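To keep things clear, I will list the structure first and then write my remarks on it.
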Amino acid sequence: MRTSEPTVRDLITRGAITVKGRLPWSSNFTFLVEVALDDTRTRAVYKPQRGERPLWDFPSGLYKREIAAYRLSEALGWDLVPLTVKRKGPHGEGSLQFFIDADFEQHYFTLREHPAHRARLERVCVFDLITNNADRKSGHCLLGPDGNVYAIDNGLTFHVDPKLRTVIWDFGGEPIPEAILTDLRRLVSAGVPKNVMDLLDADERDALIRRVSGVISAGCFPVDASGHRYPWPLV
């Protein structure tokens, strides 16, 4: 007799995957799937390597960067990225991420108007700085049913060269909260976890440490004087 229902982690890591459809407006193949274990089901987002569009500046295997972003968020204790694991699904190996049943009318440009979300959005901003996120659109900030803001679509991250493109510039020139800097110092002191580093190459690992140290040293949010470091489309 089953004594307890499977947890979300059980479902995402071990559940049977059934594709329900392809999510629209994605440049790479991104599927909404159902994951089932015993009699329990949940939804997830499946991004197989096989469906990645070749890029001139990023190698194949963007799904590994999705997983690395989740693991780094967890190492910081920020819980920004939904649970993301490596799975072999119907279209081959890729990432599987817990689906946030969000209010899709909300995105960064609406969330920033509410003071209750400021602390969370500040963390997303710093997270994008240290991961070198090249594509933080407004619609990649989701308001979950628990009231928290989550950061999705983290595949274009961890590049060695400066690639930052984001809609989050509202904090430019302001001091980074001490609680965030404390978490970054702890990360540097303890070392970035091996399960993150193993997903990056040697140069990317070194660049990550430099970016974290640089944010700590600067102590304030950057300003985009050029006006060019925005993704397209914005939402």
Residues in the stretch 200-214: is at least one outside any helix (DSSP H, G or I), under 13 Å from the mean Cα position of the chain (by Cα) and without any contact (Cβ under 8 Å) to a residue 40 or more places away in the chain? no
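Just give me the residues in the stretch 8-26 being in a loop (DSSP other than H, G, I, E, B) and loosely packed, with under 12 Cβ neighbours inside 10 Å, in sequence order.
Of everything in the stretch 8-26, those that are in a loop (DSSP other than H, G, I, E, B) and loosely packed, with under 12 Cβ neighbours inside 10 Å turn out to be P24, W25.
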In the stretch 176-235, anything modelled with pLDDT under 95 and on the phi > 0 side of the Ramachandran plot is listed as G227
Restricting attention to the stretch 17-75, the residues that are among the aromatic types (F, W, Y), under 22 Å from D101 (Cα atoms) and in contact (Cβ under 8 Å) with a residue 12 or more places away in the chain number exactly 5
* To do: Determine if the stretch 50-61 includes at least one residue that is within 27 Å of C125 (Cα to Cα), at pLDDT 95 or above and not in a loop (DSSP other than H, G, I, E, B).
  => no
Being out of contact with any Pro (no Cβ under 6 Å at 6 or more places or on another chain), more than 23 Å from G172 (Cβ to Cβ) and at pLDDT below 95 narrows F99, F104 down to just F104
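Would you check which residues across the stretch 211-222 are loosely packed, with under 12 Cβ neighbours inside 10 Å and not hydroxyl-bearing (S, T, Y) and list them?
Residue satisfying the conditions is G219 alone.
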Sole miss for V124 among (1) touching a Cys at 6+ places or on another chain (Cβ under 9 Å); (2) in a loop (DSSP other than H, G, I, E, B) is condition (2)
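Is it the case that some residue within the stretch 21-36 is within 24 Å of K163 (Cβ to Cβ), of a type in the set (V, I, T) and within 17 Å of the chain's Cα centre (by Cα)?
yes
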Within the stretch 176-200, of all residues that are of a type outside the set (G, A, S) and farther than 19 Å from A69 by Cβ, the one surrounded by the most Cβ atoms within 10 Å (Cβ to Cβ) is I176
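The values are calculated or read from the model by the stated rules, or taken from the named source; none is laboratory data. In this text the structure is predicted, and so the values were computed from the model without any measurement. Here Cβ is always computed from backbone atoms with ideal geometry, including for glycine, and neighbour counts include all displayed protein chains.
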